[in-house]
Structure formats: C-alpha cells, structure tokens
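Participant: Pasting a structure here, questions to come.
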Amino acid sequence: MDKFFLSRDNSLLVIVDIQERLVPAMQVKDKVVANTLHLIEAAKLLNIPLRVTEQYPKGLGRTIREIAEALPECTPIEKITFSCCGEQAFLDAVAATGRTHVILAGMETHVCVLQTCIDLLRSGYHVHAAADAICSRSKENYRLALEFMRDAGAVISCTETILFQLLEKAGSDEFRAISKRIK
C-alpha cells in the first residue's frame, strides 16, 4: 500500500519535456500547463524537490516560458533518450533527492512520460502520473499509455488529489495558498 501515499517528505516532482515546439501540437495544452504550474507551486511551498527535462532542445526548443518562469533556479536536464532514465544526470539528480515517490507531469504520455515511468518503476520508485498534467497529441495514445502505466504498477491520479495528499490537512498557510490557486 505504500505506493499510494504521497507526502512532502517522500515525494519528488518530475516535469517531462514541456517544450516550445512540442506544446503547440497538444490539444489540451492549457489544462496541462495550468495543472503543472499548480504542482510546481505546491512543490515550492512544501519544499518538495523537482526536476525538469528537455528532449533534444535543439530541435524541440526549450521549456516553455510559463514553466521556466515558475522555476528560475531549476536547470533542465537535457536528454536524447525518450526515457529520462536513459540520461545518467537525471538518474543522479533523482537519487540525490533521497525520495521514493515520483510525481510525473509532462509530454508526451505515450512516449517520454511512459518510458520514464516504467524505468522509474523498474528502479524501485513509486510513480504517480498526474493524468491531467500529462498529454499526448492523440486521445487514444494518451488513454493507452495511462493503462500501460497502471498495469506496470504506477498510480494514475490527478492534480488535485496529489495536491491534497501532499497538504494532508486544512488550516495551514500552504493549504490556503493552494486552495486559492485551484479555485
């Protein structure tokens, strides 16, 4: 049951490839970006480490402005492998956090997010895919990838569920800040 429980002490946020030339092809880009920004703000408020990746930035561009501006001190990890885990710098950065639960957001669900998810699971991490903070160009590819991740052992969740698991209770300044964001 441990895989189902997120806390500010066991979690890490990974944002996969939300890049300038990839985002325009996504039909639900606005929702994905908004939910990713909610996750980023929660991570900052709750001192949850986060990592950002960029797939071949020479071809796909850099992380989009909205995400980059929310993370001024975060340097993206560049990669050419579809799985973030194919890049040793990513593996080292994840391991350095000491966290056991990885929250995934990003693009595309059926390629880089999926391959990262299954590699993280194979490496012993618990993975929560924020279904409303990831996307693919095709609804079918998105749906099949979520099923694949669930079958592999990931927890398929949504941004608000993740936020409130991390918050644990109402009444704190963090709760008020997050509640205000999502209304």
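The values are calculated or read from the model by the stated rules, or taken from the named source; none is laboratory data. Just so it is clear, the structure is predicted and the values come from calculations on it, not from any experiment. Please note: Cβ atoms are built from the backbone with ideal geometry, for glycine as well, and neighbour counts cover all protein chains shown.
Residues checked against (1) at pLDDT 95 or above; (2) on the phi > 0 side of the Ramachandran plot; (3) among the small types (G, A, S):
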residue	(1), (2), (3)
E78	yes, no, no
C85	yes, no, no
V102	yes, no, no
V127	yes, no, no
E147	yes, no, no
S157	yes, no, yes
L163	yes, no, no
R181	no, no, no
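Participant: Moving on to the next point. Quick one: in region 119-148, which of the residues that are over 14 Å from the mean Cα position of the chain (by Cα) and hydrophobic (A, V, I, L, M, F, W, C) is surrounded by the most Cβ atoms within 10 Å (Cβ to Cβ)?
Facilitator: A145
Participant: Anything in region 106-162 that is touching a Cys at 6+ places or on another chain (Cβ under 8 Å), within 30 Å of E174 (Cβ to Cβ) and in a loop (DSSP other than H, G, I, E, B)? List them, or say none.
Facilitator: Scanning region 106-162 gives S123, A154.
Participant: Moving on to the next point. Given the conditions (1) farther than 19 Å from C84 by Cβ; (2) free of Cβ contacts under 8 Å to residues at least 60 places away in the same chain, which single one is not true for G124?
Facilitator: Exception for G124: condition (1).
Participant: With the checklist (1) out of contact with any strand residue (DSSP E or B) (no Cβ under 6 Å at 6 or more places or on another chain); (2) at positive phi; (3) of a type outside the set (G, A, S) in hand, flag the one item E20 doesn't pass.
Facilitator: Among (1) out of contact with any strand residue (DSSP E or B) (no Cβ under 6 Å at 6 or more places or on another chain); (2) at positive phi; (3) of a type outside the set (G, A, S), the lone unmet condition for E20 is (2).
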